[in-house]
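Engineer: To start, I am sharing the structure in question, which I have written as structure tokens.
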Amino acid sequence: MLVIDNLHVSVGGKEILRGLSLTLPAGAVHAVMGPNGSGKSTLAHVLAGREGYTVTAGTARFAGQDLLGLPAEERAHLGIFLGFQYPVEIPGVSTMYFLKAAVNAQRKHRGEPELDAMEFLKVLRREIKGLGMDEAMAQRPLNVGFSGGEKKRNEVLQLALLRPKLAVLDETDSGLDIDALKTVAAGVNALRAPDRAMLIITHYQRLLTYIVPDRVHVLSGGVIVASGGEEIAEVLEREGYAAFATTTLSAA
Amino acid sequence: MTHNERFLTDFAAVAADLPGASLDWLCRVRSEAAGLLGERGLPTPKAEAWKYTNLQPVARLSLRPALTAPPRPDPAALGDLRLPCACSRMVFVNGRFAPELSTIGAGVPAVSLADALVREPGALAPWLTQEREADTARALNTAFVTDGAVIRVPAGRQVEPPIHLIYLGTDGETGAARYVRNLIAVEAGADATIFETHVSGGDTPAISSVVTQIVLGAGAALRRFTLQREGAALSHLALTEAELGAESRFENFVVSVGGRLARDEIAVRLAGRGAACVLEGVYLGRGRQHHDTTTRILHAEPAGRSREHYRGVLDGAARAVFQGRVEVAPGALKTDAYQLNENLLLSDDAEIDTKPELLINADDVKCSHGATAGSVDEEALYYLRSRGIGVRDATAMLVGGFVGALIDHWPHAGAAETLRRAAAAWLEPVVALQEAA
Ligand SMILES: Nc1ncnc2c1ncn2[C@@H]1O[C@H](COP(=O)(O)OP(=O)(O)OP(=O)(O)O)[C@@H](O)[C@H]1O
Ligand SMILES: [Mg+2]
């Protein structure tokens with residue numbers, strides 16, 4: 001479903017991804033772990049279509065289609081979703097209004113009828129309840145003044161509403177308390193499906209006990225330095241990244 | 001004939017037909033004002049207060065107001081101007097009160113200026129004669145004023161729901177100037193909310209001049225909301241002068257979307273201890289529109305508090321000016337003044353001149369100001385786009401949010417809602433333009 005091959009990406013003249021390759025089949029859940037600054041979020045944003053990155057080599061294809069030239073909204077229309085590590089605060093735009101606009105933009109693109117206010121509210125209520133969130137939150141301006149955990153739950157709410165084909169979750173677990181972590185993991189697990197792939201970026205093995213990945217990749221210095229089963233996360237937990245640091249940041 | 005000479009002939013032609021023409025004192029006031037205008041002409045950019053706003057195109061327009069009975073617009077035309085409340089409503093058509101379109105609730109202390117000049121001229125004399133004209137743009141209004149609202153809220157009274165003043169310009173009298181003078185007194189401990197709508201159509205250049213004098217007694221409160229939606233060729237010159245008694249509170253909120261040239265000048269004097277004023281507004285410009293917001297706040301007594309927050313959105317070759325002057329008089333200790341002007345520029349040709357001016361002559365005061373100008377937040381735009389919302393809609397959401405975040409907390413839900421809708425209506429073509437670009 002997602003095939004990244006020898007991807008080189010620089011930002012502001014600095015090469016961040018340095019020949020990254022990764023294949024994520026449909027239905028699979030892969031985890032990406034790696035030290036701070038190793039390029040995890042860069043990878044996530046390059047997939048989601050943020051501007052300002054220069055791809056100097058390599059490709060990223062989604063369902064056979066070249067992703068890298070597409071604007072962010074078209075990638076979303078293809079079914080790509082990024083759960084932001086740092087969700088953006090947007091004053092003056094109510095969360096509800098935003099969520100409805102997002103859902104309807106995607107429905108419209110798929111040729112489905114847009115949901116009216118009542119229909120949307122019904123769907124929204126169901127998902128909000130499923131994630132143990134407060135309905136009042138939907139009336140507040142998007143992410144403004146939300147606690148760290150509330151912002152992350154709001155990302156998962158969007159995931160649940162938009163039901164993408166590829167979900168990239170960038171540290172969705174950081175900032176969540178243990179109960180929230182379980183709720184969020186249950187929400188993510190419920191979305192596991194044969195036609196949906198997920199790339200879960202995390203620093204903590206703990207999340208992976210709730211969302212058990214099919215494969216774990218270690219990203220360091222802009223390349224995948226190791227891939228394997230769950231045991232990799234356990235090695236990391238015990239020994240840290242030194243165990244895999246064939247490429248270090250200082251070398252980058 | 002020079003413009004200045006023409007001002008005098010225009011005045012001479014209509015003076016005898018202006019309201020209050022039988023009152024000697026008023027005739028004197030008017031002809032002095034006209035004389036000043038004839039001598040000096042309208043302000044030029046040489047005057048500091050008019051440095052960024054050129055009135056010379058205005059000087060070419062006819063100064064004569066229409067004086068026959070105003071054409072009657074279809075009351076249905078008022079439909080979308082009505083507030084979502086059972087307000088008292090005074091409608092002025094081309095600068096003259098239209099009683100048949102107005103409804104003033106029993107006991108609501110509002111009358112038209114022309115009526116008041118007939119019924120209680122003595123009460124108006126101090127309002128209309130007190131001043132040395134601040135400048136000739138004000139003198140223009142004094143010379144030609146045809147009508148306005150006179151509102152006097154007696155001590156301790158609370159006026160609720162708001163009084164809605166609608167100033168309608170119709171195409172029937174194309175090119176005629178409109179002059180309105182509002183006199184508003186909120187006496188000690190009284191409380192009132194006023195909503196003003198200025199709206200006109202047509203694309204014939206004309207002058208719309210509005211001078212509003214406000215006096216708040218001790219502990220009084222006045223909230224004033226204004227929607228300025230003049231036609232695209234209008235020169236809208238608004239001046240508000242407010243005198244604030246001890247512990248009184250004046251809150252002024254404006255959404256300004258109309259006019260070829262729109263000046264919103266507000267001079268507030270915190271004349272009593274512990275007075276407070278809030279000046280907030282939004283100006284939205286496109287094409288070759290020019291928006292000028294000029295505020296002057298004088299902290300004359302201790303413990304006053306002033307808050308200013310203006311947000312502008314400029315597209316096309318629109319230009320805006322924000323001049324914010326805050327003066328703290330000697331002895332006005334514990335003054336607390338804050339000013340912020342933020343601008344969103346949607347095109348490379350849009351321009352903002354923002355000029356804060358703090359004159360602090362007292363110790364132990366807190367004064368701060370800030371100004372920003374920039375384009376739409378890229379990070380926010382990306383966030384919305386990553387959810388599948390196209391650039392056009394995402395930009396509209398962000399601009400709407402920028403404006404809405406300020407309006408949303410304005411202290412009257414109905415007024416805020418109406419003003420937010422007016423701003424949203426303005427935004428649609430802006431975004432369409434961007435898409436075409
Ligand atoms: N605009 C930029 N200009 C220069 N360097 C940048 C820019 N954006 C990101 N970087 C650098 O790219 C590197 C990778 O950043 P990235 O956010 O991808 O790391 P990460 O693996 O997600 O880290 P973390 O675990 O802390 O979230 C960092 O060294 C960062 O400073
Ligand atoms: Mg990161």
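Engineer: Provide the per residue accessible area, probe 1.4 Å, for the range A:88-145, rounded to a whole number of square angstrom.
Structural biologist: Computed with neighbouring chains in place, this is 55 Å² per residue.
Engineer: Shifting gears a bit: Across peptide B:394-403, how many C-beta atoms of other chains are within 10 Å of each residue C-beta, on average?
Structural biologist: Taking all residues of B:394-403 together, the mean is 4.
Engineer: What translational diffusion coefficient, to the nearest whole µm²/s, does the protein assembly as shown have by Stokes-Einstein, given a Kirkwood radius computed over alpha-carbon pairs, a temperature of 4 °C and 1.567 mPa s viscosity?
Structural biologist: 46 µm²/s
Engineer: Still on this structure, please answer the following. With +1 on each Lys and Arg Cβ and -1 on each Asp and Glu Cβ, and nothing else charged, work out how big the dipole of the protein assembly as shown is about its Cα centre, in Debye to the nearest 20.
Structural biologist: The dipole of the protein assembly as shown has a size of about 480 debye.
Engineer: Now for a separate question. With a Förster radius of 51 Å, plug the Cβ-Cβ distance of B:Lys355 and A:Arg206 into 1/(1 + (r/R0)^6) and report the FRET value to the nearest 0.05.
Structural biologist: Step by step, r from the Cβ atoms, then E = 0.40.
Engineer: Using a basic spin-label model with each label point 7 Å from the Cα along Cα→Cβ, how many nm lie between B:Ala123 and B:Ala86?
Structural biologist: Inter-label distance under the simple model: 2.5 nm.
Engineer: Tell me, what HN-Hα J-couplings in whole Hz come from the Karplus equation 6.51 cos²θ - 1.76 cosθ + 1.60 at θ = phi - 60° for each residue of the range A:103-112, using x for Gly and Pro?
Structural biologist: Calculated HN-Hα couplings, in order: 4, 6, 4, 6, 4, 4, 4, 7, x, 8 Hz.
Engineer: May I pose another question? Tell me which lysines have Cα within less than 30 Å of A:Lys40's Cα, excluding those fewer than 8 residues away on the same chain?
Structural biologist: Filter leaves A:Lys14, A:Lys100, A:Lys151, A:Lys152, A:Lys165, A:Lys182.
Engineer: What are the residues whose amide H is under 5 Å from the amide H of B:Ala66, where those residues sit 5 or more places off or on another chain and H is modelled from the backbone?
Structural biologist: Hits under the 5 Å cutoff: B:Ala177.
Engineer: Can you list the lysines whose alpha carbon is less than 26 Å from that of B:Lys51, not counting same-chain residues fewer than 8 positions off?
Structural biologist: Candidates past the 8-residue exclusion: B:Lys355.
Engineer: Still on this structure, I have one more. Could you tell me how far the Cα centroid of the range B:301-364 sits from the Cα centroid of the range B:155-220, in Å?
Structural biologist: 24 Å
Engineer: Please give the per residue volume of the convex hull enclosing the alpha carbon atoms of the range B:285-437, rounded to a whole number of Å³.
Structural biologist: 120 Å³
Engineer: Summing -39500 (n - 2.57) over the DSSP H runs of n ≥ 4 in chain A and dividing by its residue number, what mean residue ellipticity at 222 nm do you reach, to the nearest 500 deg cm²/dmol?
Structural biologist: -10500 deg cm²/dmol
Engineer: Same structure again: Chain pair B, A: how much accessible area is buried, both chains summed, with a 1.4 Å probe, in Å² to 100?
Structural biologist: So the total buried area for this chain pair works out to about 1900 Å².
Engineer: If amide hydrogens are placed 1.01 Å from N in the peptide plane, which non-local residues have theirs closer than 5 Å to the one on B:Lys355?
Structural biologist: The answer is B:Phe322, B:Gln323, B:Gly324.
Engineer: If you don't mind, there's one more thing I want to ask. Using 0.36 nm times the number of residues separating A:Val55 and A:Ala117, minus their current alpha carbon distance, what extension gain do you get?
Structural biologist: Value of the extension gain: 18.2 nm.
Engineer: Be a star and scan the range B:316-346 for residues whose amide nitrogen sits under 20 Å from the point 7 Å along the Cα-to-Cβ vector of B:His369.
Structural biologist: Residues B:320-344 qualify, since their backbone N sits under 20 Å from the label point.
Engineer: Find which of A:Ile4, A:Val29, A:Val103 sits farthest along the positive direction of the dipole of chain A, computed with +1 on the beta-carbon of Lys and Arg, -1 on that of Asp and Glu, about the Cα centre.
Structural biologist: Farthest towards the positive end: A:Val103.
Engineer: So what J values fall out for the range A:122-136 if you push phi through Karplus, 6.51 cos²θ - 1.76 cosθ + 1.60 with θ = phi - 60°, rounded to Hz, Gly and Pro as x?
Structural biologist: Karplus values, whole Hz, x for Gly and Pro: 4, 4, 4, 4, 4, 5, 4, 5, x, 9, x, 9, 8, 4, 4.
Engineer: Can you give me the span-like helices of chain B, meaning DSSP H runs with 15 Å or more of Cα extent along the axis and Kyte-Doolittle mean at or above -1.0?
Structural biologist: Passing helices, by number: B:3-14, B:24-40, B:391-407, B:413-436.
Engineer: Could you list which residues have their amide H under 5 Å from that of B:Cys367, counting only those 5 or more apart in sequence or on another chain, with H placed in the peptide plane?
Structural biologist: Correct list: B:Ala337.
Engineer: Separation of the range B:48-70 and the range A:43-100 by C-alpha centroid, Å?
Structural biologist: Here the answer is 52 Å between Cα centres.
Engineer: List the residues of the range A:17-55 whose accessible area drops by at least 20 Å² when all protein chains are present, compared with their chain alone, using a 1.4 Å probe and counting only protein heavy atoms.
Structural biologist: Residues losing area: A:Arg50, A:Glu51.
Engineer: Moving to a separate point now. How far, in nm, would the chain grow between A:Arg126 and A:Glu237 when pulled straight, counting 0.36 nm per residue and subtracting the alpha carbon separation?
Structural biologist: Between A:Arg126 and A:Glu237, full extension yields 36.3 nm more.
Engineer: Dimensions of the range A:27-103 along principal axes (Cα, Å, largest first)?
Structural biologist: The principal-axis extents, from largest down, are 39, 31, 30 Å.
Engineer: To the nearest µm²/s, what D does Stokes-Einstein give for chain B at 10 °C and 1.306 mPa s, using the Kirkwood radius over alpha carbon pairs as Rh?
Structural biologist: 72 µm²/s
Engineer: Tally up the carbon and sulfur contribution to the accessible surface of chain B as a whole percent, 1.4 Å probe, everything protein left in place.
Structural biologist: So the carbon and sulfur contribution to the accessible surface is 52 percent.
Engineer: Could you calculate the contour length gain from B:Ala16 to B:Ile104, that is, 0.36 nm times the residue separation minus the distance between their Cα atoms, to one decimal place in nm?
Structural biologist: That works out to 28.7 nm of additional length.
Engineer: Modelling each spin label as a point 7 Å along the Cα-to-Cβ direction, I'd like the B:Glu378/B:Ala413 distance in nm, to one decimal.
Structural biologist: Using points 7 Å along Cα→Cβ, the separation is 4.1 nm.
Engineer: Mind checking the per residue accessible area of chain B for me, 1.4 Å probe, whole number of Å²?
Structural biologist: So chain B comes to 38 Å² accessible per residue, rounded to a whole number.
Engineer: Can you give the translational diffusion coefficient of the range A:88-145 in µm²/s, computed by Stokes-Einstein from the Kirkwood radius over Cα pairs at 10 °C and 1.306 mPa s?
Structural biologist: Calculated translational D: 132 µm²/s.
Engineer: Through the Karplus equation 6.51 cos²θ - 1.76 cosθ + 1.60, θ set to phi - 60°, convert the phi angles of the range A:12-25 into ³J(HN,Hα) values in whole Hz; use x for Gly and Pro.
Structural biologist: x, x, 9, 7, 9, 9, 10, x, 8, 10, 6, 10, 10, x
Engineer: Still on this structure: Based on the Cα atoms of the range B:190-344, what semi-axes does the equivalent ellipsoid have, where each is the square root of 5 times one gyration tensor eigenvalue, given in whole Å with the largest first?
Structural biologist: 29, 16, 11
Engineer: Calculate what fraction, in whole %, of the accessible area of the range A:88-145 sits on carbon and sulfur atoms when a 1.4 Å probe is rolled over the protein chains.
Structural biologist: 55 percent
The values are calculated or read from the model by the stated rules, or taken from the named source; none is laboratory data. None of the values given here were measured: they were computed from a predicted structure. Neighbour counts are summed over all protein chains in view; Cβ atoms, including those assigned to glycine, are modelled from backbone coordinates with ideal geometry. Calculation scope for accessible area: heavy atoms of the full protein, side chains included, ligands and nucleic acids excluded. Shrake-Rupley method; radii C 1.70, N 1.55, O 1.52, S 1.80 Å.
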